[in-house]
Every structure is written in C-alpha cells, then in structure tokens.
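Here the structure comes first, spelled out in structure tokens, and everything after it is commentary.
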C-alpha cells in the first residue's frame with residue numbers, strides 16, 4: 001500500500017483507477033491514521049515539488065508515498081503559469097480566477113500552444129524514489145467551454161478534437177490526460193522493483 005500525498009478524494013479515485021491491476025494500492029493518509037504533513041512547494045519544477053511531497057509523507061508514515069505535481073505551461077507566456085498553476089491568480093485563487101487571468105494574459109496572442117505536465121513521485125521508507133512524467137499537448141481557447149473537469153480544463157483544447165478537456169466525458173479525459181500518461185510511465189517503472 002502507498003499513501004497519496006493529498007487530501008483530495010477525487011484525485012485519489014482518479015489515481016486508483018490509473019493504477020488498477022498493479023501492486024500499487026493507494027489510500028489517503030487520514031484513512032491510515034496519519035496526518036498529511038504540510039509541505040511548502042518551494043521547488044522550481046514539478047519534479048522537485050512532487051519529490052518534496054512524496055518524501056515528506058514517506059518519512060511521516062514510514063511507508064511508501066505517492067505524490068503528484070502538475071500544471072499548465074503556455075509557450076507564449078514563457079511556460080507560465082507552470083508550478084504556480086494552482087495559485088496563478090493569487091494565494092486564494094479559484095479555478096475561474098486562474099482561467100480569467102490566463103485569458104487576459106493571452107488577449108490578442110495568436111500562438112496559443114500549451115501543455116499540461118504531471119510528475120508523479122513514489123518514495124519509499126528506505127529512501128528509494130521513482131519519478132515519472134506525462135505531458136499532454138494542446139492549445140488555449142479564447143473562451144471557456146464545457147462543464148466537466150476542473151482547473152484549466154474549460155480552456156485547454158485537445159488537438160484533433162476541437163473540444164476542450166471540459167467537454168470530454170471523464171473516461172475520455174482519463175485515457176489521454178497528462179496524469180494518465182505519467183501513471184503509465186510509472187507503471188512501467190514499478191515493474192523494475
């Protein structure tokens with residue numbers, strides 16, 4: 001069993017489905033009677049932040065811990081919002097606030113290439129770590145569309161579909177997302193231990 005470094009049950013369910021059929025059984029820290037240690041995400045990259053969170057929980061639980069760090073990178077903005085994706089519009093930012101700031105920053109910009117990036121880090125009580133990354137290329141719409149998903153999903157256009165991620169059914173997103181790609185890469189690494 002590995003604990004997932006989050007208090008978000010939706011993320012737990014998403015990752016549990018991505019690791020179904022593997023030896024990696026995920027649970028919430030609270031379900032194991034462990035307090036999720038607060039971790040300041042001071043890393044300059046998604047990889048650094050994922051490792052910070054995984055190692056912290058592995059040390060607190062004396063067991064295996066899985067953490068992810070992910071976000072949106074927009075070419076025309078020099079890779080922003082990047083590691084600040086969740087707080088792009090400020091420390092108390094909402095999804096709507098982040099999207100509004102992003103669209104304002106891209107007003108009049110024709111190069112709207114972007115990608116979602118996810119890094120998954122699995123840390124063991126013995127200090128071993130496995131790290132995998134998934135990237136989902138796309139572009140930014142000029143206005144939100146769709147009611148599914150969360151975060152930047154309403155403005156992230158899937159190549160070849162002409163739809164935003166928020167317009168896809170959950171299963172459709174689950175097959176092509178950056179998190180699904182990172183999980184597939186981590187599944188391959190798990191076979192090595």
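See the values below:
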quantity: Search result, residues across the stretch 141-153 that are closer than 15 Å to residue 178 by Cβ and buried (at least 18 other Cβ atoms within 10 Å of the Cβ); calculated: 149, 151, 152, 153
quantity: Scope the stretch 1-23; condition more than 16 Å from residue 170 (Cβ to Cβ), at pLDDT below 90 and either in a helix (DSSP H, G or I) or touching a strand residue (DSSP E or B) at 6+ places or on another chain (Cβ under 9 Å) (or both); matching residues; calculated: 1, 6
quantity: The stretch 135-176, subset over 21 Å from residue 87 (Cα atoms) and either within 13 Å of the chain's Cα centre (by Cα) or part of a helix (DSSP H, G or I) (or both), residue modelled with the highest pLDDT; calculated: 167
quantity: Residues satisfying the stated conditions in the stretch 93-121, i.e. in a helix (DSSP H, G or I) and either surrounded by 15 or more Cβ atoms within 10 Å (Cβ to Cβ) or in contact with a helix residue (DSSP H, G or I) (Cβ under 6 Å, 6 or more places away or on another chain) (or both); calculated: 95, 98, 99, 100, 101, 102, 103, 105
quantity: Breaking point among (1) more than 16 Å from the chain's Cα centre (by Cα); (2) farther than 11 Å from residue 2 by Cα; (3) free of Cβ contacts under 8 Å to residues at least 60 places away in the same chain, for residue 27; calculated: (2)
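The values are calculated or read from the model by the stated rules, or taken from the named source; none is laboratory data. Quantities reported herein were computed from a predicted structural model and do not represent experimental measurements. We place every Cβ from the backbone using ideal geometry, glycine too, and count neighbours over all the protein chains shown.
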